Amino acid sequence: LAFVLAAVLSNVGILPASAPAYDACATVALPLAVATGLLAPPPPLASGGQSRDSQLLPMLCAFGVGALGSALGAWIMHAVTARWLRLWTVREAAAAAGCLSATYIGGSANFFGVAAAVGASEFGALLPSLLAADLVVMGVYLVALTGGSRLPLLQRAFSAPARVEAKGADAAPAAAAGSSPPPPLASARARLASATWSGG
C-alpha cells in the first residue's frame, strides 16, 4: 500500500521523481538497516530437542534451490528479451537480469548494489521500471505464499516431522487420560461373580 501511494503521489506531481534523500536512502540507510538486522541474536531453538544446525540445513537447502532457480530464470529471460523478442539490447537485458536475480536472492540492498555495479541508471527508464516490476511481482508472490500456507494440502506436505511426532506424542497421554476407569458398581459385580465362581 505504501509503494502504491508513493507511486500515485509521484505521478500526480506531489512527490519529486528524484531527490538527494532518495539517493541517501538507497546508498546509506538501506545497507545500514540490512547490516543492523544481521546483528540481531539468533532465534531460540525449537521444541523437540533439535539442534540449530539441523534446523538450518533445510532452510539453507531451500535457499540454494531458490537462488539457482532465480539465476536460471534470469538467464532464460535475458535470452528471450534480448535475442528472441529483441525488446532490449544485450547490455540492458544483462543489467535487468542481474538486478532482478540479485533482489530475488538477497533483497533490495542487493538490487541497488548490482544496479550501481552494472550502471543500470545509464539506460534511462530501465531502473524505475525494474523497481516497479519487482514490487508488483513480489507483492503478488507474497500474497500467494500467505494464501498457500493456509491450504491443508500444503500444510501436510511441508509439515516438519518433529512437529508431527510431537502431536502424536501429545495425543497418546491425552487418550490415556481420557479413558475413564470402570464404574464402581460394575467392578463390584465382577469381583462378586469371580468369588462365587471360585467358591462353587
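The values are calculated or read from the model by the stated rules, or taken from the named source; none is laboratory data. Keep in mind the model is a prediction, meaning the values are calculated, not measured. Note that each Cβ is placed from the backbone with ideal geometry, even for glycine, and that neighbours are counted across all protein chains shown. Note: accessible area is taken over every heavy atom of the protein model, side chains too, but ligands, DNA and RNA are not part of it. Shrake-Rupley method; radii C 1.70, N 1.55, O 1.52, S 1.80 Å.
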TODO: Would you please list the contacts, defined by Cβ atoms under 7 Å and residues six or more apart or on different chains, that run from a residue in the stretch 1-27 that is farther than 17 Å from A109 by Cα to a residue that is in a helix (DSSP H, G or I) and among the aliphatic types (A, V, I, L, M)?
DONE: L15/A6; L15/L9
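When the stretch 93-112 is examined, which residues are found to be touching a residue at least 12 places away in the same chain (Cβ under 8 Å), part of a helix (DSSP H, G or I) and not aliphatic (A, V, I, L, M)?
Within the stretch 93-112, G98, C99, S101, T103, Y104, S108, F111, F112 qualify.
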Task: Search result, residues across the stretch 8-18 that are surrounded by 12 or more Cβ atoms within 10 Å (Cβ to Cβ) and out of contact with any helix residue (DSSP H, G or I) (no Cβ under 7 Å at 6 or more places or on another chain) - done: L9, S10
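Name the residues in the stretch 59-75 that are open to solvent by less than 80 Å² (accessible area, probe 1.4 Å), within 10 Å of A97 (Cα to Cα) and of a type in the set (A, V, I, L, M, F, W, C), would you? Before the answer, list the steps.
Taking the stretch 59-75 and keeping what is open to solvent by less than 80 Å² (accessible area, probe 1.4 Å), we get 61-62, 64, 66-67, 69-71, 73-74.
The next check asks that each one be within 10 Å of A97 (Cα to Cα); those that pass are 70-71, 73-74.
Matches in the stretch 59-75: A71, A74.
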Task: Pairs with Cβ under 6 Å, 6+ apart, first in the stretch 124-147 and touching a residue at least 12 places away in the same chain (Cβ under 8 Å), second among the hydrophobic types (A, V, I, L, M, F, W, C) and open to solvent by 70 Å² or more (accessible area, probe 1.4 Å) - done: L135/F3
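So that you can scan it fast, the table gives a plain yes or no per residue for (1) modelled with pLDDT under 90; (2) open to solvent by less than 40 Å² (accessible area, probe 1.4 Å); (3) not aromatic (F, W, Y):
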residue: V90; (1), (2), (3): no, no, yes
residue: A93; (1), (2), (3): no, yes, yes
residue: A96; (1), (2), (3): no, yes, yes
residue: N110; (1), (2), (3): yes, no, yes
residue: A125; (1), (2), (3): yes, no, yes
residue: P128; (1), (2), (3): yes, no, yes
residue: A132; (1), (2), (3): yes, no, yes
